[in-house]
1. Using the structure shown, decide if Met291 is under 22 Å from His224 (Cα atoms) and touching a residue at least 12 places away in the same chain (Cβ under 8 Å).
2. Go through the residues of segment 266-276 one by one and say whether even a single one is closer than 17 Å to Thr344 by Cβ and not hydrophobic (A, V, I, L, M, F, W, C).
3. Can you tell me which residue is surrounded by the most Cβ atoms within 10 Å (Cβ to Cβ) among those in segment 318-333 that are more than 33 Å from the chain's Cα centre (by Cα) and within 27 Å of Trp251 (Cβ to Cβ)?
4. (1) in a helix (DSSP H, G or I); (2) at pLDDT below 95: which one isn't true of Pro312, the others all being true?
5. If a residue must be part of a loop (DSSP other than H, G, I, E, B), of a type in the set (Val, Ile, Thr) and without any contact (Cβ under 8 Å) to a residue 40 or more places away in the chain, how many such residues does segment 188-212 contain?
6. Would you confirm whether or not segment 214-228 contains a residue that is at negative phi and surrounded by fewer than 16 Cβ atoms within 10 Å (Cβ to Cβ)?
7. Testing Ile264 on (1) closer than 20 Å to Ser184 by Cβ; (2) among the aliphatic types (A, V, I, L, M); (3) touching a residue at least 60 places away in the same chain (Cβ under 8 Å), one condition comes back false. Which one is that?
8. When you scan segment 68-152 for strands (runs of 3 or more DSSP E) that lie fully inside it, which ones turn up with 1 or more residues that are small (Gly, Ala, Ser)?
Amino acid sequence: MYKNNGLGESDNFVFSALRGIQAGREYYVVMCPLSLISKLFVFNEFDIPPELRAQRTINKARVPEIVSYLVNNKNDYVFSSLTASIDGQVEFKPIKNEGSHSKVGELTIPMTAKFLINDGQHRRAAILEAIEKRPELAVESISVVFYVDRGLKHSQQMFSDLNKHAIRPTKSLNILYNNRDHFSHSLISALSLVPIFHNGLTDLEKTSISNRSKKVFTLNSIYHATKELLGKTQKNPTMSDAEMKVVVEYWNEVYANIPEWQKIVKEELHSSDARKEYVHVHGILLHALGMLGKELLENYKDEWKTKLRALPKIDWRRSNIVAWEGRAMLGGRLSKVHMNLLLTTNYLKKRLNMKLTIAQATLEKSLIK
């Protein structure tokens, strides 16, 4: 909440606030109406050199995505606090019945004070655009943590401190927890229906698997391989019940034709040993199998399962450099580069006696050269 007494320079913003102590200095937490965000906060201009700014410039490409999130999830959006510095004299008045040491009170800030966002500039920009699309958002609020400004160098240090410990959740964890993503929700339900993805064999948190881990694939790898299988190119795809049935049927058929996958499920082969010896327990091959599946289902509707029976005849060992070097591997190491993914898919198609497209055939010629 805020109030002011008029339009003169002596007017103040007055917030109900909580007072805290960090590094021996006071800071304040207030609830700020979204309509007030544009009046309080300004950014450094883009043409000011980095050494004279206290934050990065706005990445305009990020803002529309945040606006869309805010506008399309009006009943359950969540925004974390903005962090800002105040360059001006502020006054905190504790509530009377709690005494001078009260942590609850009223924060008065001159309207002539300057405010600088240390963390949250993209949220601020998105709020402004979202209010234009949904004016009713103006009455809602966001928490703001205010620090009294101690100069440019300190503001720059605040930006560094606030961001250097921030770690984005992994792609696998985002998929697991994103209940708004129908595709993710359906895929997670399908995991239990495919043996190689079930019984603790899928890493639901990480995007890479440690050497000794029991896990075989990451949720992120399965997600993208399945998107390829269904030909989903949009950022937030959907999966119908019929498509989910196709997903389960296809991955189970692949599983039935890769003996080493079956040994892992039966605990006759440890996942870590399989990773050392075979390429088909790595994300690039799963992705390639997804791309292969899309073409099989499109071009061999009645015989795709028969085609997959050629998979056991493939020498999947990493030592088979004739097959995998330059495709799934570069210099003996697995490569996730898109070109290698395409070349790996080409190899699988040839082994299944599938005709290459003109573009795929051209790519094969470049590999030979």
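1. Details: under 22 Å from His224 (Cα atoms): yes; touching a residue at least 12 places away in the same chain (Cβ under 8 Å): yes.
So Met291 passes the test.
2. First, the residues of segment 266-276 that are closer than 17 Å to Thr344 by Cβ: 275.
Restricting the remaining residues to those that are not hydrophobic (A, V, I, L, M, F, W, C) gives 275.
Scanning segment 266-276, I find at least one residue that is closer than 17 Å to Thr344 by Cβ and not hydrophobic (A, V, I, L, M, F, W, C), so the answer is yes.
3. Residues of segment 318-333 that are more than 33 Å from the chain's Cα centre (by Cα), as a first pass: 319-323.
Still in the list and also within 27 Å of Trp251 (Cβ to Cβ): 319-320, 323.
Values: Ser319: 11, Asn320: 14, Ala323: 19.
Among residues in segment 318-333 that are more than 33 Å from the chain's Cα centre (by Cα) and within 27 Å of Trp251 (Cβ to Cβ), the one surrounded by the most Cβ atoms within 10 Å (Cβ to Cβ) is Ala323.
4. If we test Pro312 against (1) in a helix (DSSP H, G or I); (2) at pLDDT below 95, just (2) comes out false.
5. In the first step, residues of segment 188-212 are kept if they are part of a loop (DSSP other than H, G, I, E, B); the result is 192-194, 198-201, 204-212.
Retained after the next criterion (residues that are of a type in the set (Val, Ile, Thr)): 194, 207, 209.
This time we only want the ones that are without any contact (Cβ under 8 Å) to a residue 40 or more places away in the chain, so: 207.
Residues in segment 188-212 being part of a loop (DSSP other than H, G, I, E, B), of a type in the set (Val, Ile, Thr) and without any contact (Cβ under 8 Å) to a residue 40 or more places away in the chain: 1 in total.
6. At the first step, the residues of segment 214-228 found to be at negative phi are 214-228.
Pick out the ones that are also surrounded by fewer than 16 Cβ atoms within 10 Å (Cβ to Cβ) and you get 214.
Looking for residues that are at negative phi and surrounded by fewer than 16 Cβ atoms within 10 Å (Cβ to Cβ), one finds at least one in segment 214-228, hence yes.
7. (1)
8. Numbers: elements: 82-87, 91-94, 104-110, 114-119, 141-148.
Passing ranges, in order: 82-87, 104-110, 141-148.
The values are calculated or read from the model by the stated rules, or taken from the named source; none is laboratory data. No experiment lies behind these values; they were computed from the predicted model shown. Reconstructed Cβ throughout: ideal geometry from the backbone, glycine too, with neighbour counts over all protein chains shown.
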